[in-house]
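Down below is the structure, laid out as structure tokens.
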Amino acid sequence: MLEKNYNPKDFEEKIYASWEQNGDFKPDMDKNKEAFAVVIPPPNVTGVLHMGHALDDTLQDILIRYNRMLGKNVLWQPGMDHAGIATQMVVERNLAKDGITRHDLGREKFIETVWKWKEQSGGTICRQLRRLGASCDWSRERFTMDEGLSRAVRKIFVNLYKDGLIYKAKKLVNWDSKFMTAVSDLEVVQKETVGKMYYYKYPIEGSEGEFIHIATTRPETMFGDTAVAVSKENEKLKHLIGKKAVLPIVNRSIPIIGDEHADPEKGTGAVKITPAHDFNDFEVGKRHNLPLINILNPDTTLNENTPFPGLDTQTARRKTIEKLEELGLMEKIEDHPMVIPYGERSDVVIEPLMTDQWFVDAPKLAKEAVRVVEEGKTEFVPKTYEKTYFEWMRNIQPWCISRQLWWGHQMPIWYGPDGEIFCEENEEEAQAVADKHYGRHVALTRETDVLDTWFSSGLWAFSTLGWPDKTEYLKTFYPTSVLVTGFDIIFFWVARMMMMSMYMMKEVPFRKIYMHGLVRDEQGRKMSKSKGNTIDPMETIEKYGADALRFFMAAMETQGRDINVSEARIAGYRNFATKLWNAARFGEMNEVSLPADFDVSRVKDTVNKWIVAKAEQATKEVTDNLNAFRFSDAANAVYQFVWGTFCDWYIEMIKPVLYGADEEVKTETRAVFAWVLKRILIILHPFMPFITTELWNNLVGPETKLIKAPWPQAENFDAAVVKEVDWAIDLITAIRSLRSEMNLPASTRLTVYLKDANGESAAALRQFNRIICSLARLEKLECFAPSAEISKDMVQSVFKEAVILLPLKGVVDFAAEKERLNKELASLNKNLEGYARKLGNASFVERAPAAVVEEEKRRQAEALENKAKIEEALARIAGF
RNA sequence: GGGUGUGUAGCUCAGUGGUAUGAGCACUACGUUGACAUCGUAGGGGUCGCUGGUUCGAUCCCAGCCACACCCACCA
């Protein structure tokens, strides 16, 4: 027996545990079945579930469950990312509580500590994903740092290196002074601030009191200046090209060069060139063969190439200005709005710094990754994201993959005594190759840098399936079917997976990429801890159940749009679950059950036929929409069917049958009710797996598993039957509306006549008489005899071709009634004007499709008829 | 500076070249009708951002404009 109240906490976790214990999430590896695979975007090992995951993983679970029910061989591959910087940060923070730094421990000990932390505190999110109902095959859970995946990383690294696609270079990179590591362009966020623009001047060498005027936001970098540039087109300044300027304070002479980088419109028109500390200047320096002077230490304090070694940039900036002022070279300081780069994780200012780093030749790898999308081998849904993808891929820069961190994949690079590089999958091989190279045994030192986290997640689509081994899983599930992820990691992750997969597998990682938007707060603001507007999905689940949250995500997911979390709406979907729960209870109370030999095509009763047809219709809608990744349409189709059709109409319509004496119809109705409910549980299951399973176990029994129930093929249905019952529904609605307008309490049983009903309507009226009377709360419903006289006491309302007559002895308020009819008349007249205008337009009649013109004529005729009826009714009560 | 997206009911959003049967929430009135008040019934509420164009017809297609959001680039 079902509990009186829907209480998801009673069963959600229990049901999940039973699925997992029974191995229901595992693929059956049946070779005859089509394979369907999804790899989860690996959450950070440090992560906890947020609304973005709730959306992402709900959508994946819907696809997974749907395809599992379609009878495919389904794998949802779970796992986690080691999240280099994020994890190192968490562990370092923990150590700091005991006053320990990672350097106190040393590299090896520190890494050990991280692993220990991972075992104990990592992976909260996987437990939370279970609570959400994610049907991942947890027995295959992978971690980007585990043995297999590490092997994949080393192998692909060596391949790329030997193909010349990974190389070491001294380049200007984004330097994070907090973690003292290089970071990629993507890990830098630009923040708007109001800074200062400093104007000062450099004396021209060999001149008397001639200066070149400079504007900069970073005066302390002047010690790294190796030129001043002006545009050759700059009429005012071009005469200085070829002369030399003297760098004040350090009195170093630097050339004044002509370069188009100097925009005459900006600043003073002359730009100081600091090739070692500015990306643009670096390019200028390359063009003019300028020397590079590095002025920063790894912690971004100034070094011995400056007068202020050891000072941080801010202090050095102050000192520099003081000095310039002393020398009388400072001119002015202005407020200046600008964007300053910050480390995504560290939140410190990123300084461009010259360092030795490792790069992946992304421009080369991007070519294939672009081609396969152009050719449609991988499709983005929605398609507009392809443009973003192409745009970025076609302008991609070399990818800096080395990080001066400890937590991560240490690069498989060894250096010989003279710095010779040996890149092999392990130390033994490197040693062997090196020994052969030198003709003697040599000592090797390993590169200490680790790889960017996204390097290993870039392999996720195949490394998790067992590559480099030729596993059964790799053969079966690669390329995977669809990747579901947010557009915010399209460059970080999707692009890299495309590149890495094309390089190594020569085959796309996924056939489709479904990109969803961001989850925002109720007002549409981005959720962030600092704003304090985050909503914890676990709390939401606690309050409303996982099913409600899941359904919310599905119902709100329309392609290409962000989702604003609305608690009221989540509560609404909890109510939806309650509604279904109570419908099931209604069934239980009325002893519905599905006989083994039940054949839905043999159903006789019209209302039963109707609900079967509606169920087929809903099934088709859900199926079509899921196939097209139209999650909200799919969810709304079930919602509408369950609440608006099954509960609002079918249950109400069968009550007279179930409480009546016709055993034959009653038996059939009980079976059909069970059949429809079962159908609902099936098509709702991908969205709301918990309540559907709970109800299924109650209705059908746990022996047959809903999670693997075959997805129904929507059957054709009898359109005529649908029309008949829909007619009855319209009539009921019209009568209810009329009685509400007349202020007739629900308790008064009325008599209603239908005048001028045609043959079909008269038949339907007879057939559904009991139902209509029951739902519209009538005493009697009959066709009005054509010969009979319409009494003055009868309220009239046009219904399709007929007129509803509602006798109200002595209680009709004629004034109000006239007003009501006149209002109707006015609206009809307005419509008639429109029809007349259109049909009077020769070019409309001539050029619009015949069907449209016909429809317009039909509407006009109908409106004219209705008008006549209302005028008739008005005439009848004219004297009152 | 380059790009993308969005402006539809009070709110959050669906949707569509042919009267907006729009949805949920909110609102109003009525309701203890033998599943459900986490409910039912009925109802009010929109010149579909602005201006042009294409079309017999535009909220929908095209162009321009305005507003908002996001992405990329940019420390002179």
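The values are calculated or read from the model by the stated rules, or taken from the named source; none is laboratory data. Since the structure is predicted, the reported quantities are computational estimates derived from the model, not experimental observations. Ideal geometry is used to build each Cβ from the backbone, glycine not excepted, and the neighbour counts take in all protein chains shown. Heavy atoms of the whole protein, side chains included, go into the accessibility calculation; ligands, DNA and RNA do not. Shrake-Rupley method; radii C 1.70, N 1.55, O 1.52, S 1.80 Å.
Just a yes or no: is a residue in the stretch A:236-251 assigned to a helix (DSSP H, G or I), surrounded by fewer than 18 Cβ atoms within 10 Å (Cβ to Cβ) and out of contact with any helix residue (DSSP H, G or I) (no Cβ under 8 Å at 6 or more places or on another chain)?
First pass over the stretch A:236-251, keeping only residues assigned to a helix (DSSP H, G or I): A:238-240.
This time we only want the ones that are surrounded by fewer than 18 Cβ atoms within 10 Å (Cβ to Cβ), so: A:238-239.
Still in the list and also out of contact with any helix residue (DSSP H, G or I) (no Cβ under 8 Å at 6 or more places or on another chain): A:238-239.
Among the residues of the stretch A:236-251, at least one is assigned to a helix (DSSP H, G or I), surrounded by fewer than 18 Cβ atoms within 10 Å (Cβ to Cβ) and out of contact with any helix residue (DSSP H, G or I) (no Cβ under 8 Å at 6 or more places or on another chain), which makes the answer yes.
Given (1) in a helix (DSSP H, G or I); (2) in contact (Cβ under 8 Å) with a residue 12 or more places away in the chain; (3) among the aliphatic types (A, V, I, L, M); (4) more than 16 Å from RNA strand B (Cβ to nearest atom), where does residue A:763 come up short, assuming only one miss?
Condition (2) is where residue A:763 drops out.
Report the residue count in the stretch A:241-267 for those that are within 13 Å of RNA strand B (Cβ to nearest atom) and over 55 Å from the mean Cα position of the chain (by Cα).
Residues meeting the conditions: 0.
Here are some conditions: (1) in a helix (DSSP H, G or I); (2) loosely packed, with under 12 Cβ neighbours inside 10 Å; (3) in contact (Cβ under 8 Å) with a residue 24 or more places away in the chain. Residue A:837 meets all but one. Which one does it not meet?
So residue A:837 meets the others, but not (3).
For residue A:188, are the conditions met, namely being more than 30 Å from residue A:467 (Cβ to Cβ) and loosely packed, with under 14 Cβ neighbours inside 10 Å? Let's see the steps before the verdict.
Working: more than 30 Å from residue A:467 (Cβ to Cβ): yes; loosely packed, with under 14 Cβ neighbours inside 10 Å: no.
It is false that residue A:188 is more than 30 Å from residue A:467 (Cβ to Cβ) and loosely packed, with under 14 Cβ neighbours inside 10 Å.
Search the stretch A:805-829 for residues that are farther than 25 Å from residue A:859 by Cα and pair each with any residue that is of a type in the set (Val, Ile, Thr) and part of a helix (DSSP H, G or I) when their beta-carbon atoms are under 8 Å apart and the residues are at least 6 apart or on different chains.
Matching pairs, first to second residue: A:806/A:735.
For the stretch A:163-220, give me the residue count where each residue is under 14 Å from residue A:359 (Cα atoms) and among the acidic types (Asp, Glu).
The total comes to 2.
Residues in the stretch A:629-642: is at least one near RNA strand B (Cβ under 9 Å from one of its atoms) and not in a helix (DSSP H, G or I)?
Step one: of the stretch A:629-642, the residues near RNA strand B (Cβ under 9 Å from one of its atoms) are A:630, A:632-633, A:636, A:639-640.
Narrowing the set further to residues that are not in a helix (DSSP H, G or I) leaves A:630.
Looking through the stretch A:629-642, at least one residue is near RNA strand B (Cβ under 9 Å from one of its atoms) and not in a helix (DSSP H, G or I).
From the list A:510, A:551, A:576, pick out the single residue that is in contact (Cβ under 8 Å) with a residue 24 or more places away in the chain and touching a strand residue (DSSP E or B) at 6+ places or on another chain (Cβ under 6 Å). Walk me through it before giving the result.
Values: A:551 fails: touching a strand residue (DSSP E or B) at 6+ places or on another chain (Cβ under 6 Å); A:576 fails: touching a strand residue (DSSP E or B) at 6+ places or on another chain (Cβ under 6 Å).
Criteria check complete, one pass: A:510.
Within the stretch A:312-332, can you find the residues that are outside any strand (DSSP E or B) and open to solvent by less than 50 Å² (accessible area, probe 1.4 Å)?
If we filter the stretch A:312-332 for residues that are outside any strand (DSSP E or B), which is where we start, we get A:312-329.
The answer is A:313, A:315, A:316, A:317, A:320, A:321, A:324, A:328, A:329.
Quick one: residue A:396 ticks every box in (1) within 23 Å of residue A:157 (Cβ to Cβ); (2) open to solvent by less than 10 Å² (accessible area, probe 1.4 Å) bar one, so which box is it?
Among (1) within 23 Å of residue A:157 (Cβ to Cβ); (2) open to solvent by less than 10 Å² (accessible area, probe 1.4 Å), residue A:396 violates only (2).
Taking the residues in the stretch A:211-232 that are more than 17 Å from residue A:321 (Cα to Cα) and among the hydroxyl-bearing types (Ser, Thr, Tyr) as candidates, determine which candidate is surrounded by the fewest Cβ atoms within 10 Å (Cβ to Cβ).
A:231
Find the residue count for the stretch A:433-485, including only residues that are not in a loop (DSSP other than H, G, I, E, B) and not β-branched (Val, Ile, Thr). Show your work before the answer.
Filtering the stretch A:433-485 for residues not in a loop (DSSP other than H, G, I, E, B) gives A:433-438, A:445-446, A:450-451, A:453-457, A:460-463, A:472-477, A:480-485.
Filter once more, so that each one left must be not β-branched (Val, Ile, Thr): A:434-438, A:446, A:451, A:454-457, A:460-463, A:472-475, A:477, A:481, A:483.
Matching residues across the stretch A:433-485 total 22.
Give the stretch A:260-279 a look and list any residue that's exposed (fewer than 15 other Cβ atoms within 10 Å of the Cβ) and not in a loop (DSSP other than H, G, I, E, B), or say none.
Residues of the stretch A:260-279 that are exposed (fewer than 15 other Cβ atoms within 10 Å of the Cβ), as a first pass: A:260, A:263, A:265-266, A:279.
Of everything in the stretch A:260-279, just one residue is exposed (fewer than 15 other Cβ atoms within 10 Å of the Cβ) and not in a loop (DSSP other than H, G, I, E, B), namely A:279.
Taking the condition of being in a helix (DSSP H, G or I) and either of a type in the set (Lys, Arg) or modelled with pLDDT under 90 (or both), how many residues in the stretch A:697-723 meet it?
First, pick out the residues of the stretch A:697-723 that are in a helix (DSSP H, G or I): A:697-699, A:706-708, A:719-723.
Cutting the leftovers down to either of a type in the set (Lys, Arg) or modelled with pLDDT under 90 (or both) gives us A:708, A:719-723.
Number satisfying all stated conditions: 6.
Pick from the stretch A:784-813 the residues that are over 56 Å from the mean Cα position of the chain (by Cα) and under 21 Å from residue A:758 (Cβ atoms): which of them is surrounded by the most Cβ atoms within 10 Å (Cβ to Cβ)?
Within the stretch A:784-813, the subset over 56 Å from the mean Cα position of the chain (by Cα) is A:784-794, A:807-813.
In the following step, the residues that additionally are under 21 Å from residue A:758 (Cβ atoms) were identified as A:784-788, A:790, A:794.
Numbers: A:784: 18, A:785: 9, A:786: 7, A:787: 5, A:788: 10, A:790: 16, A:794: 22.
Among them, the one singled out is A:794.
Could you tell me whether residue A:676 is among the β-branched types (Val, Ile, Thr) and within 16 Å of RNA strand B (Cβ to nearest atom)? Steps first, please.
On the way: among the β-branched types (Val, Ile, Thr): yes; within 16 Å of RNA strand B (Cβ to nearest atom): yes.
In short, yes.
Could you please find all residues in the stretch A:579-622 being among the acidic types (Asp, Glu), open to solvent by 60 Å² or more (accessible area, probe 1.4 Å) and in contact (Cβ under 8 Å) with a residue 60 or more places away in the chain?
Result: A:591, single match.
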